1. Along the Cα→Cβ direction, 7 angstrom out, place labels at Thr179 and Tyr291. What is the inter-label distance in nm?
2. Taking every pair of alpha-carbon atoms in the stretch 170-231, give the share separated by more than 14 Å as a whole percent.
3. Which Rg and Dmax, in Å, describe the Cα atoms of the stretch 127-166?
4. Note down the Stokes-Einstein diffusion coefficient of the stretch 102-212 in µm²/s, whole number, using a Kirkwood radius over alpha carbon pairs, 4 °C, and 1.567 mPa s.
5. Assuming R0 = 25 Å, what is the FRET efficiency of Arg243 and Asp147, from their Cβ-Cβ distance, to the nearest 0.05?
6. Of all alpha-carbon pairs in the stretch 90-352, indicate the percentage at a distance above 29 angstrom.
7. Zone of Asp62 (label point 7 Å along Cα→Cβ, backbone N under 19 Å): which residues in the stretch 290-307?
8. Using only the alpha-carbon atoms of the stretch 92-132 as identical scatterers, what base-10 log of I(q)/I(0) does the Debye formula give at q = 0.20, 0.27, 0.28 Å⁻¹?
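Taken together, the values in this text are just the output of simple stated rules run on the coordinates, not laboratory data. Here the structure is a predicted model, which is why all the values come from computation and not from measurement. Cβ placement follows ideal geometry from the backbone for every residue including glycine, while neighbour counts extend to all protein chains displayed.
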Amino acid sequence: MDSTTHETADEIVERLLAVVSGLAAKANQTGVEVDALRTLADEASEALRTIARPPTDAPLFDQADALTGELLTDFDNRQAAAAANGGVVGVRSGINYLDETLNGFEPGKLYMLAAVPGAGKTTVALQWAATVAQAGAPALYISLENDGLDLGRKLACRLGEVSYARALKGKLNRQEWATAVGSLSKLGGRLYLSTPRATMPNLEMLIEGVMMRAGAAPALIVIDYLQAFTKRMGTGTETADLRERVDRFTPRLRALGERYGSAVLAISSQNRAGYVAGGMAAMKESGDIEYNADAVLTLSKLDKEELKTWQSDLTHDPGTTPLKLMVDKNRQGMTGKPIKLLLYGDLCMVEEEDR
């Protein structure tokens, strides 16, 4: 079914604005040459016709027994994907228990990762995106909080196993740092970083740019982070509050995933309740996030009682922070079992504790 079938008027307007914004940016680059402007006008006309074109394959209902062929084809595709991905249908995060619980990050699905500030959500999500790239698939990481150089530095520290603090302060041996930077080649040129500052990115243009470079759509798209995106998308005439804008934006992320066959992971902030209780109820300006997402993950530090229960040699290492990753919602599987992680902050990495 066409992913635009159930779009609201507001969502269609947002897509129109995205088209106009993209073409305006091109116009600024091309100057005032008549031929270039005529080409842009043609592109605008075709883009608007595409958006306005009514769907032709959107039945109001399906007969259950008429789905036989599609179900068999879907099964064949899932079987082939599981054979390629080590037993799960979607791309792997590298956290084995999470991958088994979610069945990997599946194409066309929307995932949420929520945590309070400082809990390591960017480190976790960046590592997951890098794992996808190292496994041979393109991944796109879009951040409004970090610049590209710092994301690259964090990746080099994890892959090269060197201190982030010492790299940041210029205290590493230069050859040691050059070796760490050289480890970025492990990503195979498949991890794409977008860190816009002045303008809001057109997500469709970013994805299609990756497709042109990589020859395939990104298997995983990370949005870092959801509330920052919706704030930046607001205009001077925007009357909806942030919660309402989040409600409108999350279905668009799902539609993007469905259209391009990508898994979408959106990072979400948690409010102050997340410091104590965590869970979906603490998701900041959450609106309908938990309903729109196929799976909701929450990341938190351990409290004192949990630290007593989860004793291990590693939890006493001063260079590590024990974390708890919870699958609070999973539309197609299990929830509720905590996944024990260790955050190595200075190495910009997490690892799963042995279960």
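1. With each label placed 7 Å out from Cα toward Cβ, I get 5.5 nm.
2. Values: 1289 of 1891 pairs.
The answer is 68 percent, as a whole percent.
3. Cα radius of gyration and Dmax of the stretch 127-166 are 10.9, 31 Å respectively.
4. Details: Rh = 15.4 Å.
Translational D for this selection: 84 µm²/s.
5. Rounded to the nearest 0.05, the efficiency is 0.30.
6. Working: 10098 of 34453 pairs.
Here the long-distance tail beyond 29 Å is 29 percent of all Cα pairs in the stretch 90-352.
7. Of the residues in the stretch 290-307, 294 have backbone N under 19 Å from the label point off Asp62.
8. Result of the Debye calculation: -0.66, -1.08, -1.12.
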